[in-house]
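Report on the structure given below.
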Amino acid sequence: MKLPKFDDVEFSPLAWKEWLLNKDKFGSKRSIYKYLEKWNEEGYFENCSGIKNYVRNKRIRRLLNGYVLLDLLDWSWTLKYNRYKMWRLFEDTVAEILREVIKEKKECTVAYVDRWRGFQGLDYAIINSKSKLGWKAGVQCKRYVGTRIPYSRVDEYSSYTRGTSASKLYDKGIDLKKRFTDKRKVILVMFDAYLKRGSPMQQRRFDWLKDAWDSVVVFNRTLPDEDPYFYRLRFDEFDKIARWC
């Protein structure tokens, strides 16, 4: 596949720390990139055809390219990270993207609020020091969202599967909006949405999410059964989220 250019790749702080833990191989970004090129030449990414990144903001584009490389390495078993580790790497990438979104708003900051009392159901809150509300937007991160589970059967599945299903996330969005009122915005951010091509029911399950959340952001717009596989990266909600904050 065609890798993004060296200058068009950036890693989030947590991802960069993970690379540096293996100092024998990865002492610098240049070393990382050389290994990626080598693995690519050896065919690790042969079932993928490339990355099409339509994001105009330079830093967000670079961060998404960096996360795609981690996703590729996970997919090809080159990095044997567990599921939780990959999830945290995605959350950390989202945090950096949010910081880029609000960089012109000096009164705003991004806080990791997972498991904080009063913030159940959110991973990040964008805090506004000049707002009487304290925070203006809350963010839930999902590395991917599945759409195949029918609403009537969602409780039959494991907690992990329930947590990534569109059916359950619809309920979560509705609950968050009731708890935090319409003065605050709740945002669902995911890398992938597993929508089967030609499945109207799965498409409807995904579309329902837009009724439950103020914003639903999908970074990778590739259909999972598309062959050869392209990463098609977008971020269309940039200005809207910035206004809310």
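The values are calculated or read from the model by the stated rules, or taken from the named source; none is laboratory data. Here the structure is a predicted model, which is why all the values come from computation and not from measurement. We place every Cβ from the backbone using ideal geometry, glycine too, and count neighbours over all the protein chains shown.
Provide a single number: the residues in segment 178-207 that are of a type outside the set (Val, Ile, Thr), surrounded by 17 or more Cβ atoms within 10 Å (Cβ to Cβ) and under 30 Å from LYS132 (Cα atoms). Write out each step before concluding.
Looking only at segment 178-207, we keep the residues that are of a type outside the set (Val, Ile, Thr), and these are 178-180, 182-185, 188, 190-207.
Add one more test, that the residue is surrounded by 17 or more Cβ atoms within 10 Å (Cβ to Cβ), and what stays is 180, 184-185, 188, 190-195, 202, 205-206.
With under 30 Å from LYS132 (Cα atoms) added as a condition, the list becomes 180, 184-185, 188, 190.
Count: 5.
If we scan segment 187-207, do we find a residue that is assigned to a strand (DSSP E or B), over 13 Å from the mean Cα position of the chain (by Cα), over 18 Å from ASN57 (Cα atoms) and of a type in the set (Val, Ile, Thr)? Lay out the reasoning, then the answer.
Step one: filter segment 187-207 for residues assigned to a strand (DSSP E or B), giving 187-194.
Narrowing the set further to residues that are over 13 Å from the mean Cα position of the chain (by Cα) leaves 194.
Now restrict to residues that are over 18 Å from ASN57 (Cα atoms): 194.
Retained after the next criterion (residues that are of a type in the set (Val, Ile, Thr)): none.
Within segment 187-207 (the criterion being assigned to a strand (DSSP E or B), over 13 Å from the mean Cα position of the chain (by Cα), over 18 Å from ASN57 (Cα atoms) and of a type in the set (Val, Ile, Thr)), the answer is no, since none of the residues qualifies.
Assess whether LEU98 counts as being part of a loop (DSSP other than H, G, I, E, B) and closer than 14 Å to MET190 by Cα.
For LEU98, the condition - part of a loop (DSSP other than H, G, I, E, B) and closer than 14 Å to MET190 by Cα - is not met.
So which of ALA125, ALA95, ALA137 is on the phi < 0 side of the Ramachandran plot, aliphatic (A, V, I, L, M) and over 16 Å from the mean Cα position of the chain (by Cα)? Reasoning before the result, please.
Details: ALA125 fails: over 16 Å from the mean Cα position of the chain (by Cα); ALA95 fails: over 16 Å from the mean Cα position of the chain (by Cα).
So the residue among ALA125, ALA95, ALA137 that is on the phi < 0 side of the Ramachandran plot, aliphatic (A, V, I, L, M) and over 16 Å from the mean Cα position of the chain (by Cα) is ALA137.
All but one of (1) of a type outside the set (Ser, Thr, Tyr); (2) touching a Lys or Arg at 6+ places or on another chain (Cβ under 9 Å); (3) under 16 Å from SER215 (Cβ atoms) hold for GLU107; state the number of the condition that does not hold.
Status for GLU107: all satisfied but (3).
Within the group TYR67, TYR35, which residue is part of a helix (DSSP H, G or I), closer than 23 Å to ARG88 by Cβ and touching a helix residue (DSSP H, G or I) at 6+ places or on another chain (Cβ under 9 Å)?
TYR67
Of LEU169, LEU176, LEU223, which residue is touching a Lys or Arg at 6+ places or on another chain (Cβ under 6 Å) and not in a strand (DSSP E or B)?
From the options LEU169, LEU176, LEU223, the qualifying one is LEU223.
Starting from segment 22-47, keep only residues that are modelled with pLDDT of 80 or more and hydrophobic (A, V, I, L, M, F, W, C), then list their pairs with residues that are part of a helix (DSSP H, G or I) and surrounded by 11 or more Cβ atoms within 10 Å (Cβ to Cβ) whose Cβ atoms are within a distance under 6 Å, requiring at least 6 positions of separation or different chains.
So the pair list comes out as ILE32/TRP19; PHE45/LEU72.
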